[in-house]
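The values are calculated or read from the model by the stated rules, or taken from the named source; none is laboratory data. Just so it is clear, the structure is predicted and the values come from calculations on it, not from any experiment. Don't worry about glycine lacking a Cβ; one is built from the backbone with ideal geometry, like all the others, and counts go over all protein chains shown. Protein only, heavy atoms only, side chains kept; ligands, DNA and RNA dropped before computing areas. Shrake-Rupley method; radii C 1.70, N 1.55, O 1.52, S 1.80 Å.
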Amino acid sequence: MKSIDLEQIKKVHFIGIGGIGMSALARFLRNEKKEVQGSDRAPSDITATLAEEGATVFEGHGAEHITADLDLVIYTEAVNPTTEGYVELEAARRKNLPTINYFEALGLAVNPYYLFSVSGTNGKTTTTAMLTDVFEAAEKDPTAIIGSLRSKTKSNFRAGKSKYAIVEACEYKRDFLHLKPDVLVITNVEYEHTDYYKDLADVQDAFRTFVSQVNEGGIVVTDMKNPNILPIIKNAPIKVLDYNEFFDVKLPLRQPGMYNRLNAAAALAVAHHEKISVDEAKDTLAEFAGTWRRFEFKGEWHGAPVYDDYAHHPTEIKATLGGLRELYPDKNIVAISELHTYSRTASLFDDFAKVTALADQFYFLPIYAAREENTSGVSVKELAVKSLEYNPHTSYVPTYEAMIDTLKQTVTDKDVIVFLGAGNITKLAGELLRS
């Protein structure tokens, strides 16, 4: 970690300010009375809101945005020599300006707090938002940085004035190791981020290190029945609280599915540890309105409910489809998936094929490449063929336009539609509702 004192920083530039984490951190620093500016390759609702809130936002990247009066430049993990934003990072380095990535900056921002870090392969965004609601209702006045927009506030940041901070902690590239939590939540652990981790044991090793970084007197809240978690917490010299003790199958949640009940159990376990009334926390969770792109209801199209979900891992897709089946037992589930990255698709190929069985009709769109080249040669067309072994109603559709046309020809009010993926597929839900 570079020696940077945030208290001495006056002006900050964000390369990729429109990202969900970056925008939350930009809001944090604005709240700390810093002058904040940033660039992104394209305008969005998030960049427009940041500009309304007082940040200077540049559309597109350019070396001219990096001026000598900047005290700090923060960049996303996505910035590399092949991306447009790299010209700004190079310019900052030429000027000898301090440059750190998002997670280094996040650690600088939140480690001074009594810190709650919510980690896990799946469920961390929802659990972070749930915890924020619970602490807010209990008048604990937390600062929170969330990996999505809370539906109740339409923001990924909450400005608090207490000692508490609640943040989402991502395991990608071991980035969460920049955090030093007092309370560490681990929702679950699976093999994920296959472009970085070589296997499940490698992922577990990262989490084991994270557990070792919990501050003295702290606690880990996790699922002690999960076989993937047991090797992480075994022999850990720290208190561990099993959130299964707080699982309530009758808890009335507005979001369906077993996975949301488990997320709620984790939030209740933390509330109990922090001496917040569990009954009052349950009342708060019963009103939890969810977050953007997590089982988000977008509207109805010709009588068919339309949902948008960030799910891009087989377990996430399974959870979302299971929630839909619970909510709409008498409807046909029509799932449209845009898989995220070639490496994940290749590594979890069979798992993606198997999960198609949970939908009545499953469509694959082309893979969203994100930061990658297709070095493995994986083919989503071949995946669609493999999936026929599990769901005979699986198809590959080559474009968004063709997908809209297909839905227009086939969907009725007997269906429920869900768009699945971490890339641009979220735009498709809006296009369908406007058509």
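Overview of results
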| read-out | value |
| --- | --- |
| Filter result for ALA206 (part of a helix (DSSP H, G or I), open to solvent by 40 Å² or more (accessible area, probe 1.4 Å) and modelled with pLDDT of 95 or more) | no |
| Residues of the range 256-283 satisfying the condition of being of a type in the set (Ser, Thr, Tyr) and buried (at least 20 other Cβ atoms within 10 Å of the Cβ) | TYR259 |
| Residue pairs meeting the criteria (Cβ under 9 Å; at least 6 apart or on separate chains; first in contact (Cβ under 8 Å) with a residue 40 or more places away in the chain, in the range 248-261; second open to solvent by less than 60 Å² (accessible area, probe 1.4 Å) and among the aromatic types (Phe, Trp, Tyr)) | GLN255/PHE288; GLN255/PHE295; PRO256/PHE295; GLY257/PHE295; ASN260/PHE288; ASN260/PHE295 |
| Members of the range 396-424 that are free of Cβ contacts under 8 Å to residues at least 60 places away in the same chain, open to solvent by 40 Å² or more (accessible area, probe 1.4 Å) and not β-branched (Val, Ile, Thr) | TYR396, PRO398, TYR400, GLU401, ASP405, LYS408, GLN409 |
| Residue in the range 262-297 that is modelled with the lowest pLDDT, counting only those that are among the basic types (Lys, Arg) and assigned to a loop (DSSP other than H, G, I, E, B) | ARG293 |
| Out of LEU428, LEU407, sole residue that is over 25 Å from the mean Cα position of the chain (by Cα), in a helix (DSSP H, G or I) and of a type outside the set (S, T, N, Q) | LEU407 |
| Selection count where residues are more than 25 Å from ILE233 (Cα to Cα) and either over 12 Å from the mean Cα position of the chain (by Cα) or surrounded by fewer than 20 Cβ atoms within 10 Å (Cβ to Cβ) (or both), scope the range 117-149 | 13 |
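To keep it simple, each residue is scored yes or no on (1) closer than 23 Å to LYS33 by Cα; (2) touching a Gly at 6+ places or on another chain (Cβ under 8 Å); (3) not in a loop (DSSP other than H, G, I, E, B).
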| residue | (1), (2), (3) |
| --- | --- |
| LEU149 | yes, no, yes |
| LYS161 | yes, no, no |
| ARG174 | no, no, yes |
| LEU177 | no, no, yes |
| PRO181 | no, yes, no |
| ASP195 | no, no, no |
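Yes/no per residue for (1) out of contact with any helix residue (DSSP H, G or I) (no Cβ under 7 Å at 6 or more places or on another chain); (2) touching a residue at least 40 places away in the same chain (Cβ under 8 Å); (3) over 16 Å from LEU131 (Cβ atoms); (4) surrounded by 15 or more Cβ atoms within 10 Å (Cβ to Cβ):
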{"position": "TYR164", "(1), (2), (3), (4)": "no, yes, no, yes"}
{"position": "VAL183", "(1), (2), (3), (4)": "no, yes, no, yes"}
{"position": "ALA201", "(1), (2), (3), (4)": "yes, no, yes, no"}
{"position": "VAL214", "(1), (2), (3), (4)": "yes, no, yes, yes"}
